[in-house]
Amino acid sequence: MKWSFRIASVAGIEVRIHVTFLLILGVFALLFANDGGLEAAVFGTLFFLALFFCVVLHEFGHAFAARAYGIRTPDITLYPIGGVARLERMPTSPWHEFVIALAGPAVNVAIAGVLWLGVVRGYSIKDLLSPHLDGDFWSALLRINIVLVMFNMIPAFPMDGGRVVRALLATRLPYAMATLIAARIGQAIAIAFVVASFTDFEFASPMLLVIGMFVFMGAQQELNFARLRQSAQSVRVADAMLGRFEVLPDDLRVGELASRLLISNQEVFIFADDDMLYRGLALREELVQGVRQLPEGAFAQSLSRNVSPVRANASMHEVLEVMQKSQEPFLPVINGAGQVVGLVGIDQMQELVRLAKRH
């Protein structure tokens, strides 16, 4: 995954940090240092890390709930704006989505409860809302977990509250219609945030503008994806795939590969044997790098990867799921005999997006 690196692996789930997270951490420390010196910088940095540890636990709540329904989570990535648990596929049952969406905020409720009972139990609710406790590490962490619950339960995509609304609507309505209604609710809330940011309202701030724009775009993105899923179910791979492309023989040598690359502008190549049986797939950049590194007598097929193919008679919905699971931008298409008959990739999915927007 570009611009992110792994820091841990828990229960088969990679925990990754995006490089921008480290930049924000540095800026955060500098702001605290400028305001209160070294002691404030240490406090601010530790609090920032504790906050994002709670965010990671929140995402693991989603991940473990999804696992209970047979949905794997390959990784959780930390960004400056929060964490993202990447599920291999979306739940097909509205009640499954409902449980998975609530599992994250439930973790923050549990953290707040543990802090309340075990660390800051001497404080009343009035005390916790008092500004003079801003310098108290544990009470501040308790309060930020409550804020995380409230923020995530805003009934708007991409927050968990938006998914809860969609799941409840989907128990009575078709999935696409439920998504449309939930997205429009979210966008109405986003517009209210933007308007409020320009008023004299007590809580008005530039942050409301940022949140409003983030929510509006997230709701539209979720709506587009739902429409894409719906369109993909009605289109066969054979009707959308690229049927004309160059196939490389599985006995091709690296010394012959360079000339093949020079006369072709393809971005992806499929390897097959004499009977057109699928043997592997490689991106152009992978082949170019291999030409530079491997001896001329090596088999070019060694540069390919065994990317899972899709059947020509499958729906594009299956392509979408396989792409989500594998993170591969291109997939080979085979017939019932395992022979290569096509290639499907980003261009075909983008065409489906355009089709979805017209409906």
Residue match in segment 224-235 (condition: more than 27 Å from the chain's Cα centre (by Cα) and assigned to a loop (DSSP other than H, G, I, E, B))
no
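To keep it simple, each residue is scored yes or no on (1) free of Cβ contacts under 8 Å to residues at least 24 places away in the same chain; (2) touching a Phe, Trp or Tyr at 6+ places or on another chain (Cβ under 8 Å).
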residue: LEU168; (1), (2): no, yes
residue: TYR175; (1), (2): no, no
residue: ILE185; (1), (2): no, no
residue: LEU208; (1), (2): yes, yes
residue: GLY218; (1), (2): no, yes
residue: ALA226; (1), (2): no, yes
Filter segment 27-45 down to the residues that are at pLDDT 70 or above and open to solvent by less than 30 Å² (accessible area, probe 1.4 Å), then identify the one that is farthest from PRO74 (Cα to Cα).
ALA41
Out of ILE211, ILE154, report the one residue that is in a loop (DSSP other than H, G, I, E, B) and closer than 26 Å to ASN108 by Cβ.
ILE154
Criterion violated by VAL307 - all others in (1) assigned to a loop (DSSP other than H, G, I, E, B); (2) modelled with pLDDT of 85 or more satisfied:
(2)
Looking at VAL247, VAL254, can you tell me which residue is in the same structural domain as ALA312 (by the TED database), crowded, with 20+ Cβ neighbours inside 10 Å and under 30 Å from GLU296 (Cα atoms)?
VAL254
Residue pairs, Cβ under 7 Å, 6 or more apart or interchain, first in segment 318-335 and closer than 13 Å to GLY280 by Cα, second open to solvent by 40 Å² or more (accessible area, probe 1.4 Å) and outside any strand (DSSP E or B). List them.
LEU331/PRO309; PRO332/PRO309; VAL333/MET241; VAL333/PRO309; ILE334/PRO309
Please give the number of the condition GLU88 fails out of (1) open to solvent by less than 60 Å² (accessible area, probe 1.4 Å); (2) over 26 Å from the mean Cα position of the chain (by Cα); (3) modelled with pLDDT of 75 or more.
(2)
Counted residues, segment 66-119 - those being more than 29 Å from ARG172 (Cα to Cα) and in contact with a strand residue (DSSP E or B) (Cβ under 7 Å, 6 or more places away or on another chain):
7
What about VAL288, is it among the β-branched types (Val, Ile, Thr) and either open to solvent by less than 30 Å² (accessible area, probe 1.4 Å) or not assigned by the TED database to the domain that holds GLU256 (or both)?
no
Which of the residues spanning segment 267-285 are open to solvent by less than 60 Å² (accessible area, probe 1.4 Å) and closer than 19 Å to VAL341 by Cα?
VAL268, PHE269, ILE270, PHE271, ALA272, ASP273, LEU277, TYR278, GLY280, LEU281, ALA282, LEU283
Which listed residue, of ARG184, ARG163, ARG172, ARG227, is more than 26 Å from VAL107 (Cβ to Cβ) and either surrounded by 18 or more Cβ atoms within 10 Å (Cβ to Cβ) or in contact with a strand residue (DSSP E or B) (Cβ under 6 Å, 6 or more places away or on another chain) (or both)
ARG227
Somewhere in segment 257-266, is a residue under 31 Å from the mean Cα position of the chain (by Cα), surrounded by fewer than 19 Cβ atoms within 10 Å (Cβ to Cβ), at negative phi and not in a helix (DSSP H, G or I)?
yes
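The values are calculated or read from the model by the stated rules, or taken from the named source; none is laboratory data. Since we're looking at a predicted model, the values are computed, not measured. As a convention, Cβ positions derive from the backbone with ideal geometry for all residues, glycine included, and neighbour counts pool all protein chains shown. Note: areas computed on protein heavy atoms with side chains; ligands, DNA, RNA excluded. Shrake-Rupley method; radii C 1.70, N 1.55, O 1.52, S 1.80 Å.
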